[in-house]
Amino acid sequence: MTEAIASLIGSSTWKALEVHAVTSRNLHLRDLFAQDPTRGGRLKVEAAGIYLDYSKNRITDETVKLLLQLAEESGLRSRIDAMFRGDKINVTEKRSVLHVALRAPVGEKILADGVDVVPLVHAVLDKMTAFSNSVRSGEWKGYTGKPIRNVVNIGIGGSDLGPVMAYEALRHYSQRDLTFRFVSNVDGTDIAEATRDLDAEETLFIVSSKTFTTLETMTNAHTARAWALETLKHTAAIARHFVAVSTNAEAVAKFGIDTANMFGFWDWVGGRYSMDSAIGLSTMIAIGPDNYRKLLDGFHEMDVHFRTAPFERNLPVLLGLLAIYNNNFLGAQSVAVLPYEQYLKRFPAYLQQLTMESNGKHVTLDGKEVEYQTGPIYWGEPGTNGQHSFYQLIHQGTRLIPCDFIAFAKPLNAIGRHHDILLANVFAQAEALAFGKTTQQVEAEGTPASLAPHRMFEGNRPSNTILLERLTPEALGKLVALYEHSVFVQGAIWNIDSFDQWGVELGKVLAQRIVPELEAPKEPSLTHDSSTNALIKQYRSIQRQRGSAK
Ligand code: G6Q
C-alpha cells in the first residue's frame, strides 16, 4: 500500500482538490464555455465506439490534472494490474476478482490460484451454446415431448438484475417465439404472475444461484417445482424442465436437477459481476450464441481499453474520477443515470446494484473508518419519461445531481421522426442543465418580475453524455464494462473492498429467525425489541382473524 492510500485525505493532491473546489465555486459552465470555445470538442474522449462528452462538468483543465494525479498517487495502475493478474483483491473474502476472464478470448491466459481459467470459461460457454441451440431449435423437448416455448429465470440480486436488464436491452435481437420471464421476489405474487398463463409442458426453469442456498431463490424454485409437477405428475419430469446455474453441484443434485444440465461458474465471479457468466444463460437462449459472443466481445474491448489506455484518455478512469470529484469535492450525494433508449429501461436498476453494493462501504481495506464519503446513490429512469417527472428537481431543486445521459445515434426501431425527437431531447436536457436560463433572459421574454425567480434556471448542473452508435450486443457489453470499471476506479481511490457485500447479510440472518415466529402454532415468546415484537404480534393476530386462509 502506498503512503498516499494510507492517508487519502491527508495527501497533498486531495487537499489541493479541496482548495481547488472552493476557489472554483463561483465558476459557471456558462463562463467556462464562453472563455474557451473549443471546450466541447476538447473535453471528450472517443474510444471503443463510445463518445464521452464530459465538458459539461464543473471542471477546468486544472481539475482534470489534479484528478489524474490523485489516480496515480492512489496506486490505481497497480490496482488494475492486480485485478487482471488474479490477485485476491477481494480481501475480506480472500478471492480473486476476475469477471474480466469471463470475456477473455481463447488463447489469453488469466490465472486464479495458479490455474488458467480461460479454458474453463470457454468450456462452459460451449456447453451453454449447445444447450441454447437445442432450446432455440425446439430439439430440447419437455417431458411430454413438446418443445420449450417459455423460459423462466429464477434468481435474485446478481442472479437476476443482469439477466433481466440484458434481456430487455437486447430484446430486439431475441427469438420472438420464446417467452422470457424473470422471478426474483420471495413475494408469492412474483412467481404466481410469472407462471399463471404458462403451460408447464412447454416451460423451462433456469434456477440461477451461485450458492444454491439463497432463501428467495430456493423458495421460488420449490414453488416452481410443485407448479410443474401439478401438470407433469412425475418427478422424472424435473430433469427436462429445470436446469441450474450454480457453483454448488451437491445442492443442485439434491434439488433433482441433473448435474449434466448444470452450468458452472466460480468464486472469483461476484454476483453483481456475473451477467456474462453462465448466469447469462437466459440471455444466450434469447439472443442466440452468436449475439452472446458479440456481447462478450464488447465487454472485452472495454477491458482492453481500461487496461491499456493512458488515464487521460481512459473512459472508465475519467468517468470514475469525475464521479469522485462530484461526490467528494462538490458534495453531490447521488448520480442520475438517464438512458434515452427504451430498451435500457432496467439499466438504472442494474447499475444500482453494481455501484451501491460495490461501493457502499464505510471502512478501508484494513478496516479503518473512512474519512470521506464513499459510493453515491445511483438512480434513474429512461428519458424522455423522466423529464415529465423528476427532472424538475434536477433543474430547479436545491440539490446537486450529476447526470449520466446515455444515447444511441441510430435507432433500433426507426419510425418517422421519433429518433430525432428523442435525441433532440437528450441534448437539450444536458444543455439546459449546464446553461440554465438567467433572470434577464426570462424577463426579456416578458415574464413579470414576480414570476422571474420561478422561471429562471440557475444552470451549472453537471452532466456526462455517453453517445454510442446503436444498441447492439457489443455496445451493451462495452457500456456495462465501462461502469464496472468506473466502479472499480472509485473503490480503488477510496481504498475500499468493492467486491464484498457484508451489508446484505444481517437482514438475511434476522429474517431466518423471524420466519418460525410467524409460523409457530402457539404464541412464541418474543425477544426482539418492543417494536419488532409488536409487529410480529399484530401480524399473527391479523392472520388468526383470517382463520386458516393463508
Ligand atoms: C451480488 C450479491 C448478491 C447475490 C444474490 C444472489 O454481488 O452477492 O446480489 O447475487 O444474493 O445470490 P446467489 O446467486 O448465491 O443466489
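The values are calculated or read from the model by the stated rules, or taken from the named source; none is laboratory data. Quick caveat: nothing in here was measured; it's all calculated off a predicted structure. Positions of Cβ are generated from backbone atoms using ideal geometry, with glycine treated the same way; all protein chains shown enter the neighbour counts.
When you scan the range 176-195, do you find a residue that is touching a residue at least 24 places away in the same chain (Cβ under 8 Å) and closer than 19 Å to Leu471 by Cα, even just one? No, the conditions are met nowhere in the range 176-195. A count restricted to the range 305-327 and to residues that are out of contact with any Leu (no Cβ under 8 Å at 6 or more places or on another chain) and either of a type outside the set (A, V, I, L, M) or modelled with pLDDT under 95 (or both) stands at 7.
Restrict the check to the range 37-47 and report whether at least one residue is polar (S, T, N, Q), loosely packed, with under 14 Cβ neighbours inside 10 Å and without any contact (Cβ under 8 Å) to a residue 24 or more places away in the chain. Yes, the conditions are met somewhere in the range 37-47. The requirement of being hydrophobic (A, V, I, L, M, F, W, C) and either under 19 Å from Pro163 (Cβ atoms) or touching a strand residue (DSSP E or B) at 6+ places or on another chain (Cβ under 6 Å) (or both) is fulfilled somewhere in the range 325-336, by at least one residue. One residue is enough: does the range 304-313 have a residue meeting the conditions away from the ligand (no atom under 16 Å from the Cβ) and buried (at least 24 other Cβ atoms within 10 Å of the Cβ)? Scanning the range 304-313, I find at least one residue that is away from the ligand (no atom under 16 Å from the Cβ) and buried (at least 24 other Cβ atoms within 10 Å of the Cβ), so the answer is yes.
Criterion first (at pLDDT 95 or above, within 16 Å of the ligand (Cβ to nearest atom), more than 16 Å from Ala278 (Cα to Cα) and touching a strand residue (DSSP E or B) at 6+ places or on another chain (Cβ under 8 Å)) does Ala228 satisfy it? So Ala228 does not fit the description; no. Pick from Val442, Val426: which is hydrophobic (A, V, I, L, M, F, W, C), assigned to a helix (DSSP H, G or I) and more than 22 Å from the chain's Cα centre (by Cα)? It is Val442.
Restricting attention to the range 186-213, the residues that are over 24 Å from Arg136 (Cβ atoms), within 10 Å of the ligand (Cβ to nearest atom) and buried (at least 22 other Cβ atoms within 10 Å of the Cβ) total 2.
Inside the range 87-126, residues that are aliphatic (A, V, I, L, M), assigned to a loop (DSSP other than H, G, I, E, B) and surrounded by fewer than 19 Cβ atoms within 10 Å (Cβ to Cβ) make up a count of 2.
Would you check if Met275 is touching a residue at least 60 places away in the same chain (Cβ under 8 Å), within 16 Å of the ligand (Cβ to nearest atom), under 23 Å from the mean Cα position of the chain (by Cα) and buried (at least 20 other Cβ atoms within 10 Å of the Cβ)? Yes. For the range 134-157, the criterion of being part of a loop (DSSP other than H, G, I, E, B), within 16 Å of the ligand (Cβ to nearest atom), more than 26 Å from Asp303 (Cβ to Cβ) and in contact with an Asp or Glu (Cβ under 7 Å, 6 or more places away or on another chain) is met by at least one residue.
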